[in-house]
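Undergrad: The structure that follows is given in the form of C-alpha cells.
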Amino acid sequence: MSKYLLIFLLVLATRALLADDFKAIDGKEYKNVTLSRVEPDGIVLITSWGISKIYFTELPKEVQERFHYDVAKAGAYSSEQAASQEAFERQQAELERKLAERNNKYWIEQQSGKNQQAKVRTGAAPAADSGQQVKVITHGAQVDITKQLALGSVTVVDFYADWCGPCRQLSPSLEQMARTDPEIALRKIDIVNWNTAVVKQFNIHSIPHVNVYNRGGRLVGTVVGADVDKVKSYIAQAKTGG
C-alpha cells in the first residue's frame, strides 16, 4: 500500500470518527456533520453546505448535558456577544458616516471645480448672463477683464472718465453700437483719475482708450482717442475671427 493511499484512508477514518448526527427539538436533523467548536450557548457544526450554529436551547436535554450546558454562563456569553456586536455595528456606522462625509466633500469640491471651469469656458461674464449689452464694470478699482468678456460676442472695453470731453463724445456712439448689435458687448471702465489702481493695472496714459476683443476673448486692437471709425474697423475684424 502506498504512503499516499494510507494517508487518504487515515483522513477518511478520522472524518468518520469526527462525523456526528444531531437532531434539534423541532425535528430538524444535522446528519454526518463535524463538530467545529463548543461555545457556552451552543455548538458550531461544519456541514456539507457550510457552517451552522445550533443553540443549546434548540437541542434536547441529553445533548445539553453532553456538552455541559450552563444556563448562567450561556446568558453571560450571549450578553457579551450582543454587546460586542452592537459596538461593532456602531463602529461600522461611524466609519460609514465619516466615509460618506469625505465622499460628499470630495464630490462637492469636484462639482465646484467643474463649475469654475465652466465659468471660465463661458467667459464668466456677468453682463452677458444678465442680458446687459452695456455695463460699467469698475470705478477705479482693479478688475479681472477675463471674467468680463462676453465670449461668443465681440467685447469692446471703453476706458473713460466723466471729466474727459473726448470720452463724452465717443461713449454715445459705442453705447449705440452695443444696444443695436447683439453681437457686441460694451464694458466701460471709469478710471476716475490718473492715480487709481485700474490705471496702473492697464498702464493707461490717454483716454479715450478702447480695447476690442474677438469672440474667443483675444485682443484684436486698441484705439487711443475718439476715433469711432477705427473702433468699428476692429469690431468688424473681431467678428470674422480677428
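The values are calculated or read from the model by the stated rules, or taken from the named source; none is laboratory data. Note that the coordinates shown come from a computational prediction; the quantities given were computed from them, not determined experimentally. Every residue, glycine as well, gets a Cβ built from its backbone with ideal geometry; the counts of neighbours run over all protein chains shown. Remember, those area values only see protein heavy atoms, side chains included, never the ligands or the DNA or RNA. Shrake-Rupley method; radii C 1.70, N 1.55, O 1.52, S 1.80 Å.
Undergrad: Highest mean first, how do 183-189, 40-46, 203-209, 62-68 rank when packing is the count of other Cβ atoms within 10 Å averaged over residues?
TA: 183-189, 40-46, 203-209, 62-68
Undergrad: Suppose the chain between ALA141 and ASP162 were pulled fully straight at 0.36 nm per residue; how much longer would it get relative to their current alpha carbon spacing?
TA: Contour length minus the Cα-Cα distance gives 6.0 nm.
Undergrad: Going by a ≥ b ≥ c, the root eigenvalues of the Cα gyration tensor, does segment 33-82 fall in the rounded group (a/c under 1.5), the prolate group (a/b larger than b/c) or the oblate group?
TA: oblate
Undergrad: Heavy atoms only, 1.4 Å probe, whole protein assembly: order PHE56, PHE202 by accessible area, highest first.
TA: PHE202, PHE56
Undergrad: Quick one: accessible surface of GLU29, probe radius 1.4 Å, all protein chains present, in square angstrom to the nearest 10.
TA: 90
Undergrad: Taking LYS73 as the anchor, which aspartates and glutamates have their alpha carbon closer than 16 Å to its alpha carbon, excluding any fewer than eight residues away along the same chain?
TA: Candidates past the 8-residue exclusion: GLU39, ASP41, GLU65.
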